[in-house]
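Taking it in order: structure first as C-alpha cells, then the write-up.
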Amino acid sequence: MHPSVHAKAHPDKPALIVAETGQIITYTALDAASNRAAQLFRAHGLHVGDTIALFMENVPEFYDIAWGAQRSGLFYVCISSKLTAPEVDYIVRDSGAKMVIASATLATVAQGLTHRLADVALFAQGGPISGWHDWDASVAEQPATPIADERAGVDMLYSSGTTGRPKGVRVALPDDPSIAGPTVLVMLAQALYGFSAEGVYLSPAPLYHAAPLRWSMTAMRLGMTVVMMQHFDPEAALAAIARYHVTHSQWVPTHFVRMLKLPSDVRARFDHATLRCAIHAAAPCPIPVKEAMIAWWGPVLQEYYAGSEGNGLTTINSEQWLTHKGSVGKAAYGELHICDDAGNEVPAGEEGLVYFGGGGVFEYHNDPDKTAEARHPQGWTTLGDIGRMDAEGYLYLTDRKSFMIISGGVNIYPQEIENRLITHPRVADVAVVGGPCPEMGERVIAVVQPVDMADAGPALADDLIAWCRAELSGIKTPRQIDFTPELPRHATGKLYKRLLRDRYWGNSESRIV
C-alpha cells in the first residue's frame, strides 16, 4: 500500500493532523505534494540511487519530501535538528547527499553550512535562509503528476552518536521497485499491532529518528490518520489522545516518566479509552514505570527491541510482560543468539552479546571496520547490546556493552542503577557512568536531574545513595552523586552518555553542576 493509493480511494481523508494547530493534510494533498517533490528532484538531476538530506523540524512538509524521495528511488537522510553546523556537514558529506532541505527555523545553523556545502544544492523550507534556494517556491512550480520513472527509495539514517560519531545505516534499495510494494514493517504493524485504515496514530517524537519516521510512514501506507506533535509535552500528549481519538501511538520511556510525574488530577482529566496500542522502544523501560503505565492505561502497552539497522526485532505485549517483567520479548523478525566474547553461544540465563540472524542486511556507510565489528562469523549481526535469554526465548537486556563499568574487576551495568534512581520521587532524569578511580579502576557516578534544582545538594545525594542501597549491592551503589539542570538526552530518549563520561575522564575533578 501507499499514500497514492489512498489518495485515489479516499481523497479527502486526513493523512496528517498537526496536534498543536489542528492543521489537516489530506491524502490528496500529500500525494500531490510528494509528486511535486519528486519532480523537483528529477529537475535537479537526482536519479535512482542518489541521496538527499532533510535537516528539518516536525512540519507537514517533512512528509511531502520523504514521500517524494521514496517514490523517486532516492536514499533520504534525516538529520537531527539539534546538531551543529560541523555535525550536519559531517553527515551530509559522509552520506554523499547531493541536496539538503532545511527548515527556516534552523537558519542559524543552516547558514553555517552555506560555504561548507557550496557544491550541494541547498533549499530552505518555510522561509528564507541566506544563500539557499526557496523550496516552497521551487516545488510549487512543479507538476503534481507522478514522475515517469517512479521507483521505491528508502531512508538512510544515522545513529544518534551516543557512543561516538554517528554511523550511517545503509540498506539496499528494495528488491521490489514498486513504490507500493510490501514492507516488513507493514506486515508487522498489521499482524502484531492491528494497524488498519480505521486507526489514528499519534507520533510524539522527532521525525528524524527511525521509529517515528518509519512507523508513521507505515501508518500512512495503511491509510491511517497520523497525528504529529511538533514538540512533546506530557499534558499536550494526553490531550491529543483524547481530542483526536487516538488508537495507536509510539513512545519512549522518558515520555512515560514525564506523563507519570504529572499531578494525578491532570492525568485524570484526559480520556484515553480509544487507545488500543501504545508501542514503546528506543531505551529500556524501568519495571516500576511500565507497571505504573499498565495500571493506568491498561494492557495496551507493546514493547519491541530493534535498531535503525533493521537486522531483527523482538516484541512483547502487556500480558506477556507481566509474567516476564523486564523482558523485551521474543524474536518476531530474525532469530536471537547470545554469545560470549569469543563468539560462542551461551546457555539460557547467561549474559552475552545479543545477535540477530536471518533478519535484515545492513552496512555502516563508509565504515567497513564498524560493519565488520557488528558481524559474527556465522553472519549474525549485533547492535552492541548485552543481554540474556531465558528458556522460553524471552530476551532481557542488561545494557550497552560500551556503557559497562568495570570496578575492581566486576562488571557493572548502569541501566540497573538508573532504573532504581528514576523511581525516586525527586528525580526527573538520571544517567550513570563510570569515572576514574586509582584503586578500583572505575567508580560509579550518578548524574541526576532533580525535579526541582533547588533540592540539589548533599542531603538529596545522601537520600539517593540510601535509596540505592535499599535494593542494590554495595558495588552498584553510586560513589558520587552530581546534579545538573538537564541531561544531554537525545529527543528520542537516548542519553549522550559519551559526553558525560568524557567529562569525567578528561578531568577527574570535573563537576556537572
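The values are calculated or read from the model by the stated rules, or taken from the named source; none is laboratory data. As the structure is a prediction and not an experimental result, all values here were calculated from the model. Every residue, glycine as well, gets a Cβ built from its backbone with ideal geometry; the counts of neighbours run over all protein chains shown. Accessible surface areas use protein heavy atoms only, side chains included; no ligands, DNA or RNA. Shrake-Rupley method; radii C 1.70, N 1.55, O 1.52, S 1.80 Å.
Structural remarks
- Residue 274 touching a His at 6+ places or on another chain (Cβ under 6 Å), closer than 21 Å to residue 193 by Cα and not in a helix (DSSP H, G or I): yes
- Residues in the range 74-86 that are free of Cβ contacts under 8 Å to residues at least 60 places away in the same chain and open to solvent by 20 Å² or more (accessible area, probe 1.4 Å): 83, 84, 86.
- Failed criterion for residue 143 (all others in (1) closer than 27 Å to residue 220 by Cα; (2) open to solvent by 40 Å² or more (accessible area, probe 1.4 Å); (3) in a helix (DSSP H, G or I) hold): (3)
- Residue 294 being of a type in the set (Val, Ile, Thr) and open to solvent by less than 10 Å² (accessible area, probe 1.4 Å): no
- Tally, over the range 90-100, of residues that are more than 21 Å from the chain's Cα centre (by Cα) and within 18 Å of residue 132 (Cβ to Cβ): 5
- Condition check for residue 459: surrounded by fewer than 19 Cβ atoms within 10 Å (Cβ to Cβ) and either of a type in the set (S, T, N, Q) or modelled with pLDDT of 95 or more (or both): yes
- Residue that is most open to solvent (accessible area, probe 1.4 Å) [pool: residues in the range 39-73 that are over 22 Å from residue 143 (Cβ atoms) and β-branched (Val, Ile, Thr)]: 59
- The set of residues from the range 1-28 being of a type in the set (A, V, I, L, M, F, W, C), within 21 Å of residue 73 (Cα to Cα) and either open to solvent by less than 50 Å² (accessible area, probe 1.4 Å) or in a loop (DSSP other than H, G, I, E, B) (or both) comprises 1, 7.
- Among residues of the range 226-260, those that are in contact with a Pro (Cβ under 8 Å, 6 or more places away or on another chain) and surrounded by fewer than 16 Cβ atoms within 10 Å (Cβ to Cβ), counted: 0
Every residue, every condition in (1) under 25 Å from residue 188 (Cβ atoms); (2) not aromatic (Phe, Trp, Tyr), yes or no:
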position	(1), (2)
330	yes, yes
337	yes, yes
344	no, yes
360	yes, yes
364	yes, no
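- Any chance residue 372 is under 25 Å from residue 157 (Cα atoms), part of a strand (DSSP E or B) and open to solvent by 20 Å² or more (accessible area, probe 1.4 Å): no
- Residues of the range 216-225 satisfying the condition of being open to solvent by less than 10 Å² (accessible area, probe 1.4 Å) and either among the aliphatic types (A, V, I, L, M) or assigned to a helix (DSSP H, G or I) (or both): 216, 218, 219, 220, 224
- Candidate set: the range 88-102, residues that are outside any strand (DSSP E or B) and either touching a residue at least 40 places away in the same chain (Cβ under 8 Å) or touching a Lys or Arg at 6+ places or on another chain (Cβ under 7 Å) (or both); chosen: the one farthest from residue 167 (Cα to Cα): 98
- Of the residues examined, residue 196 is one that is assigned to a loop (DSSP other than H, G, I, E, B) and either among the polar types (S, T, N, Q) or open to solvent by less than 30 Å² (accessible area, probe 1.4 Å) (or both).
- When each of 451, 427, 447, 432 is tested for being open to solvent by 60 Å² or more (accessible area, probe 1.4 Å), closer than 30 Å to residue 262 by Cα and of a type in the set (Val, Ile, Thr), the lone residue that passes is 451.
- Subset of the range 326-344 (residues that are more than 30 Å from residue 293 (Cβ to Cβ) and either in contact with an Asp or Glu (Cβ under 7 Å, 6 or more places away or on another chain) or among the aromatic types (Phe, Trp, Tyr) (or both)): 337, 339
- Residue 471 falls short on exactly one of the conditions (1) in contact with a helix residue (DSSP H, G or I) (Cβ under 7 Å, 6 or more places away or on another chain); (2) open to solvent by 80 Å² or more (accessible area, probe 1.4 Å); (3) at pLDDT 90 or above, and that condition is (3).
- Applying the condition of being small (Gly, Ala, Ser) and out of contact with any Asp or Glu (no Cβ under 9 Å at 6 or more places or on another chain) to the range 242-268 and asking which residue is nearest to residue 417 (Cα to Cα) yields 264.
- Of everything listed in (1) open to solvent by 50 Å² or more (accessible area, probe 1.4 Å); (2) within 21 Å of residue 422 (Cβ to Cβ), the single unmet condition for residue 271 is (2).
- With respect to the conditions (1) more than 24 Å from residue 230 (Cα to Cα); (2) open to solvent by 60 Å² or more (accessible area, probe 1.4 Å); (3) among the hydroxyl-bearing types (Ser, Thr, Tyr), residue 95 lacks only one, and its number is (2).
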